[in-house]
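Okay, structure first, notes after.
The values are calculated or read from the model by the stated rules, or taken from the named source; none is laboratory data. In this text the structure is predicted, and so the values were computed from the model without any measurement. Counting neighbours? That spans all protein chains shown, and the Cβs are built from the backbone with ideal geometry, glycine included.
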Amino acid sequence: MEKNNNKIVNVLKNILIGDLANYLNIYSKNFLLKNNNLIFTLEIEENKLDHFKKINNIIESEMNALDFISKIDFLMTSHKKINIETEKIKDDSKIAKYIIPVASGKGGVGKSTTSINLALAIQSLEMKVGILDADIYGPSLPRLTGINVKPDMYEKKLIPHNAFGLQSMSIGYLLPEDSATIWRGPMVMSAINQLLTEVKWNNLDFLIIDMPPGTGDAQLTLSQKVQLAGAIIVSTPQDLSLIDARKGLNMFKKVNVPILGIIENMSYFLCNKCNTKHEIFGHGGAKKEAIKLGVPFLGEIPLDIDLRSNSDEGKPIFIKSPENYISTLYLDIAKKIIKNVKKSNLESPKIIFD
Ligand code: ADP
């Protein structure tokens, strides 16, 4: 791998000489080789688009000589010099009545699985729901929905895909797999901004946002760009996951986003042979943590083989088996969420002019 990367840099060194020498640093620092797919991610000024396209063409023809490359993609982004940190999106109520991020301190705890099943459960309660996969570094919606085509555009806006009735949008519908792993902070912020504002969300009651794990740029951008109804934190019962969850929770608190509650995922294993609960990672940690931190505890989802296999074959359990015990757990949590957002909405101070 390392060897192939060096070969790529050597080819670039041979091409980007003379007038083009300035570009060597940009190209050689911003590429990713993944399964014979070479992806360049370039941040450019809009008026230099044609110039970059010419260089891309030269690079493409030379790179084809390398036998370990079968496909080359150039991803070009440009950013307006707006103050992303402080500029709020005007009219965010047009996106959705309630915008709810689902976050976790670390990856792999089941945040995406929880997001889609909750979105579906809320939808089943007669709500119009959208799901935005903002997990730029590891988008899961294409896998969870089985959708893998680019969305259409209308009036310069992306039209969300219909996923089991949900309006759905994911960076994974738009970009080659893994291409965003080399993105830096401003690119992440800009992408999230676009996913919120340049998508034709249609009259949503709820927009559920599957956040990237951690407490980084994405969380901050989001909390500063739109009014969030409240955040949901997903954790497993293990101590380490809980420590991370606490960090996530504190981050939202710091930026004044209410916490709708914590969900404990992979809470226990219900064995259908002996009909007992096995508490593989311990149990109840998230509930204790919620009580300690004074935030609502929304529920426990067991570790379940069907839940995993359904998700991985593009049919979330709430769709495949709505009568399943786990689907009813999601439904209970969905009801609590609807109740809690309405409550926190009522509790938020309102300025009255007379
Ligand atoms: P994250 O978004 O936190 O990275 P995912 O939702 O992608 O996590 O889940 C990671 C893996 O764990 C997936 O293969 C998913 O199907 C599986 N998974 C998630 N929740 C459960 C559960 N309760 N029981 C069994 N498998 C689960």
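When restricted to residues that are surrounded by 23 or more Cβ atoms within 10 Å (Cβ to Cβ) and either on the phi > 0 side of the Ramachandran plot or among the hydroxyl-bearing types (Ser, Thr, Tyr) (or both), region 115-147 contains 2.
Evaluate the following for Leu144: is it within 16 Å of the ligand (Cβ to nearest atom) and assigned to a helix (DSSP H, G or I)? The answer is yes for Leu144. Sort out which residues of region 159-182 are under 14 Å from the mean Cα position of the chain (by Cα) and aromatic (Phe, Trp, Tyr), and write them in order of number. Across region 159-182, the qualifying residue is only Tyr173.
Taking the criterion of being in a loop (DSSP other than H, G, I, E, B) and more than 8 Å from the ligand (Cβ to nearest atom), the residues of region 107-139 that qualify are Ser124, Leu125, Glu126, Met127, Lys128, Ala134, Ile136, Tyr137, Pro139. From the list Leu42, Leu38, Leu12, Leu32, the one residue that fits, being buried (at least 17 other Cβ atoms within 10 Å of the Cβ) and more than 32 Å from the chain's Cα centre (by Cα), is Leu12. Kindly indicate the residue of region 233-270 that is of a type in the set (S, T, N, Q) and in a helix (DSSP H, G or I) and also modelled with the lowest pLDDT among those meeting that condition. Within region 233-270, the match that is modelled with the lowest pLDDT is Ser241.
Conditions (1) within 14 Å of the ligand (Cβ to nearest atom); (2) more than 22 Å from the chain's Cα centre (by Cα); (3) buried (at least 18 other Cβ atoms within 10 Å of the Cβ); (4) touching a residue at least 60 places away in the same chain (Cβ under 8 Å), marked per residue:
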site: Asn265; (1), (2), (3), (4): yes, no, yes, yes
site: Tyr268; (1), (2), (3), (4): yes, yes, yes, no
site: Ile280; (1), (2), (3), (4): yes, yes, no, no
site: Gly284; (1), (2), (3), (4): no, yes, no, no
site: Lys288; (1), (2), (3), (4): no, yes, no, no
site: Gly294; (1), (2), (3), (4): no, yes, no, no
site: Leu307; (1), (2), (3), (4): yes, no, yes, yes
site: Glu313; (1), (2), (3), (4): yes, no, no, yes
